[in-house]
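The values are calculated or read from the model by the stated rules, or taken from the named source; none is laboratory data. None of these values were measured; they are calculated from a predicted model. Here the Cβ is made from the backbone with ideal geometry for all residues, glycine too, and neighbour counts use every protein chain on show.
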Amino acid sequence: MERLLNIHIEKLPEDVYLATSDDLQGLVAQGRTVAETLEIARDVARKLLEAQSQDQELDYLQPIAEQFNYPLLVDQ
């Protein structure tokens, strides 16, 4: 089942991006680009959720709705 997870991405002075989440404790991902950081964050989130699902229900994460807003970054 797909779940909606909010993450925060910040560009560090070292020219890398850092992703964290208030929704999923322990999610920390770093990449050279936003796309790479999102890919790593998704993989880390899957592993964390898999580990947590063995211990408890994951009702605190929202299921994906039929409609939702998504910020789209377009490089020009």
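Data overview
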read-out	value
Subset tally (residues that are surrounded by fewer than 14 Cβ atoms within 10 Å (Cβ to Cβ) and either small (Gly, Ala, Ser) or modelled with pLDDT under 70 (or both)) for the stretch 39-57	6
Top-ranked residue of the stretch 5-33 - restricted to ones that are of a type in the set (Gly, Ala, Ser) and not in a strand (DSSP E or B), ranked as nearest to LEU48 (Cα to Cα)	GLY26
Subset of the stretch 1-38 that is charged (D, E, K, R) and surrounded by 14 or more Cβ atoms within 10 Å (Cβ to Cβ) - its residue that is farthest from ALA65 (Cα to Cα)	GLU36
